[in-house]
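Read through the structure below, which is laid out as structure tokens, and then see the notes.
Since every read-out is calculated from the coordinates, none of them should be taken as a lab result. Predicted model, so just to flag it, every value in this text is computed and none were measured. Glycine also receives a Cβ, built like all others from the backbone with ideal geometry; neighbour counts cover every protein chain displayed.
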Amino acid sequence: MACDTFLKISQKCRRKFVTLQAGENQAFVEDLLVQLPTIVSDLQTHQVHSFYESVGSMLVAETNDSRKHQLLKQLMELPNGAWSGIMAGAAADVRMLFDQGTIKEVNKILKTNVCVCKSIGAGFSSQMINIFNDLMNVHKAFSAEIENFVAKGGPISVKSAEVRAMRSVKREVLCLIQTFVEVSNDKRMMLDQFMPAMLSPILTNYKSSLPAARDS
């Protein structure tokens with residue numbers, strides 16, 4: 001309930017949170033970002049996502065693009081650090097991606113990105129550029145592993161816990177991409193920088209997958 005209230009306040013008073021108020025040494029959002037690791041350490045996963053959405057909503061009010069990008073970078077330090085660690089591990093051994101604990105963490109990070117993207121809107125572009133190649137690699141890796149499961153176990157394996165977990169990651173990747181496409185106001189950047197890399201692997205995987213294993 002407290003996180004829901006915080007989100008509503010963030011949406012209604014966002015301008016005050018990003019500008020220096022009388023008696024403050026720094027804007028409220030800057031102080032909040034310094035304390036972020038301590039704050040989220042006491043929250044449950046769904047509360048963490050709500051908190052990130054709230055701060056993303058505050059950043060909408062920042063009119064200086066350079067400062068907005070810097071604040072967004074600070075906001076995403078924790079999930080980006082965890083993401084980088086997972087990507088480094090996967091580069092050494094892709095099998096670690098398919099560990100159930102890793103899948104849970106990847107989904108948590110992706111959901112955090114979705115929440116921030118949804119709330120900050122077009123200002124999310126710098127973060128999307130930062131993680132985009134990894135997103136495509138993750139989608140590709142899980143698509144290939146699901147195909148391996150189906151090849152070995154037949155169509156029934158689509159219903160297995162392992163495949164369902166892997167498909168959840170693919171769905172979150174697609175959800176983040178869809179959210180970003182919806183909020184982006186730079187159609188030229190979208191067409192030139194993102195669409196060519198997205199369409200071929202995603203559509204090819206959709207076409208080659210069993211109907212029961214397709215993610216829409």
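Of the labelled figures [x] 15.1; [y] 11.9; [z] 13.2, only one reflects mean projected area of the Cα convex hull in nm² as derived from the coordinates, namely [z].
Computed 3J(HN,Hα) for the stretch 163-180, one whole-Hz value per residue from the Karplus formula 6.51 cos²θ - 1.76 cosθ + 1.60 where θ = phi - 60°, is 5, 4, 5, 5, 5, 5, 5, 4, 5, 5, 4, 5, 5, 5, 4, 4, 4, 5, glycine and proline marked x. Only Lys, Arg, Asp and Glu carry charge here, each on its Cβ (+1 for the first two, -1 for the last two); on that basis the chain has a dipole of about 620 debye about its Cα centre. Counting only alpha carbon atoms, the long axis of helix 125-153 and the longest principal axis of the chain meet at about 20°. Roughly how tilted is helix 77-92, in degrees to the nearest 10 and between 0 and 90, from the longest Cα axis of the chain? Long axis of 77-92 versus the principal axis of the chain: about 20 degrees. In a DSSP loop and with at most 12 other Cβ atoms within 10 Å, there are no GluC sites (Glu not before Pro) in the stretch 111-198.
Taking every C-alpha pair closer than 8 Å and separated by at least 6 residues, the mean separation divided by the residue count of the stretch 99-216 gives a relative contact order of 37 percent.
With the simple model of a label 7 Å out from the Cα in the direction of the Cβ, residue 84 to residue 148 spans 2.8 nm. Using the rule -39500 (n - 2.57) for each DSSP H run of four or more residues, divided by the residues of the chain, the 222 nm mean residue ellipticity is -24500 deg cm²/dmol.
Projecting label points 7 angstrom from Cα along Cα→Cβ for residue 189 and residue 26 puts them 2.5 nm apart.
Here the stretch 1-75 is treated with +1 on each Lys and Arg Cβ and -1 on each Asp and Glu Cβ, and its dipole about the Cα centre works out to around 260 debye. Binning the alpha carbon pair distances of the stretch 99-216 at 10 angstrom intervals from zero yields the distribution 13, 44, 31, 11, 1, expressed in whole percent. Relative contact order of the chain: 19 percent, from C-alpha pairs under 8 Å at least 6 residues apart in sequence.
Taking a ≥ b ≥ c as the square roots of the eigenvalues of the Cα gyration tensor, the stretch 55-139 is classed as prolate, since a/c reaches at least 1.5 and a/b is larger than b/c.
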